[in-house]
1. Out of Ile78, Ile74, Ile94, report the one residue that is within 55 Å of the chain's Cα centre (by Cα), modelled with pLDDT of 75 or more and open to solvent by less than 40 Å² (accessible area, probe 1.4 Å).
2. For region 145-250, which helices (runs of 4 or more DSSP H) that fit wholly inside it have 3 or more residues that are of a type outside the set (Gly, Ala, Ser) and open to solvent by 30 Å² or more (accessible area, probe 1.4 Å)?
3. Taking interchain pairs and intrachain pairs at least six residues apart, which have beta carbon atoms under 9 angstrom, with the first residue in region 239-263 and at pLDDT 90 or above and the second in a loop (DSSP other than H, G, I, E, B) and of a type in the set (Gly, Ala, Ser)?
4. I'm trying to understand the selection: among the residues of region 5-44, which are among the basic types (Lys, Arg) and surrounded by 13 or more Cβ atoms within 10 Å (Cβ to Cβ)?
5. When you check Leu383 against the structure, is it under 35 Å from the mean Cα position of the chain (by Cα) and within 24 Å of Lys301 (Cβ to Cβ), yes or no?
6. Any residue in region 457-480 that is under 16 Å from Val424 (Cβ atoms) sitting within a Cβ distance under 9 Å of a residue that is part of a loop (DSSP other than H, G, I, E, B) and among the hydroxyl-bearing types (Ser, Thr, Tyr)? List the pairs, counting only those 6 or more apart or interchain.
7. Would you be able to tell me the number of residues in region 443-484 that are open to solvent by 20 Å² or more (accessible area, probe 1.4 Å), under 17 Å from Leu408 (Cα atoms) and part of a loop (DSSP other than H, G, I, E, B)?
8. Under 7 Å between Cβ atoms, which residue pairs at least 6 apart in sequence (or on different chains) link something in region 23-36 that is part of a helix (DSSP H, G or I) with a partner that is β-branched (Val, Ile, Thr) and open to solvent by less than 70 Å² (accessible area, probe 1.4 Å)?
Amino acid sequence: MDYLQKFAGQVRSRLAIAFLVNNLLIIGGWYLAANVFHLSGWQFWTVLLIIPIITIVIWPLIMTSTLLQPLRLIWQAILHVSPTTDSSTGAPEIDRLRLGRELVTNLTSQIYQLASVVGEIESTKRKAPEDLHSSFLANALPLPMTVLDKEEKIVFVNDALCKYIKRGADELIGQNVYTILDMSFSSHDTFDKWLNESKQNAATADHSWERVRLGLADESNALQFDLAAHYNKGNPSGFETLLVFFDHTQQYSQDDQAMGFVALSVHELRAPLTLLRGYIEVFDEELGPNLNSELKGFMGKMDAAGQQLAGFVDNILNVAKIEDNQLTLQLREENWPSIIDSVVSDMRLRAKVRGLELKTDIQGDLPTVGVDRYSIYEVLANLIDNAIKYSKTSKEIFVTSKLNSDGLVETSVKDFGLGIDASVLPHIFDKFYRSHRNRAQIGGTGLGLYLAKSIVDALGGQIWVSSKVDEGSNFTFTIIPFAQLAGEQKDGTSGSVSRGAHGWIKNHSLYRD
């Protein structure tokens, strides 16, 4: 039987007996006053009033003492085991209890067990080493690892990290992490930025980065690795941030070498490709009027293929420049609708070959924008090219542009084709990434969206996508009106603003004390 239910039954029984006795006293008083003492008038009513008053005073005292006795013994048991209480408090004598004995016995037993467990935990905690240097697991971990305090100074490095960066622990302990680890990241999502945001907004946080570079003073090639970090605000041992390194230097270096080789090879295609496109334009101008519809179709497909190949070459070379931090953008004042019209006009031939129609909807009073005309052309061309490739059986692609509520020029390229799976969206702007659903059916390098994001970021804008499978995709990006660039330092001769599209971003706090 449940001890609590049994205790409740005992309480109900005692309360019932108390109410019964109380009523019997009132009835007995009335009987004695009326039939034994033959009282009448005010004497009779005085006796009847005194009896309830006496019972109201006496019964609560008796019932309170009885009903609170189990709680009193439980409280005594807690005081008995509490480390902050005077040790003279003895254990409760439960055997003398009549009401709720089973319940109190069970609860006090649980209290004693919990006190025993807490005591063991506290004892173990006191024996635990506070110094990570004496921890077998930390030092035996084959992965390089370091621990930082709240001031971002190194308080521990394991043997694997010392070997990895070829420096002794005595050179690292106590130093600021940014002066020791010259890390570069492939996007603006750097360790320093994440850590500062975590300190302001979170008690604990975790994050990871891929393809991080670490320059070493005595090495010609940088180390390349994936990085995982854990942040624990106000850690009592002072171990606030944990960093673990996963070395992929060989794999990522091979990727870089492959990219360099591809860029070199593609560069050699530029001259013959330019020549071929020139001949196609000449043939179209000279022979076009005399060709039948079938031959004109062939000529159009040749021209579209030449444009597509030229875009492929430009993407490869510009990505290589970004990786080497050599792509510089000159932001000048440009008329945005004219740029859109130029890109759409050039892409219409490629769309026509696929049976697609490009439609535009451009707000009439858009301000001039600060862009690098050649680079922003590539952004818009890549987005339209993707829409053409993934439009499936749909027949329209919409290019729209407006001034959004933040005062930025917002441009969208919307198709009604294959769409993008939700699991793919977080990686859609990663270099070389292509969806497994259609990579075999639709050609591409996986560089167009990476390049578009790099350029838009360098221009100070943002780019994002919304999509549903089999319903299409909507790629949107923003650019800054030229008037908002007025505060930046312009080139004295041309009035332009120079920016770099960086492939690798260093921590902003690299030289912080």
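1. Testing whether each residue is within 55 Å of the chain's Cα centre (by Cα), modelled with pLDDT of 75 or more and open to solvent by less than 40 Å² (accessible area, probe 1.4 Å) leaves just Ile74.
2. Of the helices (runs of 4 or more DSSP H) lying wholly inside region 145-250, those with at least 3 residues that are of a type outside the set (Gly, Ala, Ser) and open to solvent by 30 Å² or more (accessible area, probe 1.4 Å) span 159-165, 191-201.
3. Glu240/Gly234
4. Across region 5-44, the qualifying residues are Lys6, Arg14.
5. yes
6. Here the result reads Gly472/Tyr390; Gly472/Ser391; Gly472/Ser394; Ser473/Tyr390, each pair linking region 457-480 to a residue that is part of a loop (DSSP other than H, G, I, E, B) and among the hydroxyl-bearing types (Ser, Thr, Tyr).
7. Final tally of qualifying residues: 3.
8. That search, which allows pairs on different chains as well, returns Leu25/Ile51; Leu25/Thr55; Ile26/Ile51; Gly29/Val47; Gly29/Ile51; Ala33/Val47.
The values are calculated or read from the model by the stated rules, or taken from the named source; none is laboratory data. Please read these numbers as outputs of a predicted model, since none were measured by experiment. For neighbour counting, all protein chains shown are included, and Cβ atoms are generated from backbone atoms with ideal geometry for every residue, glycine included. Calculation scope for accessible area: heavy atoms of the full protein, side chains included, ligands and nucleic acids excluded. Shrake-Rupley method; radii C 1.70, N 1.55, O 1.52, S 1.80 Å.
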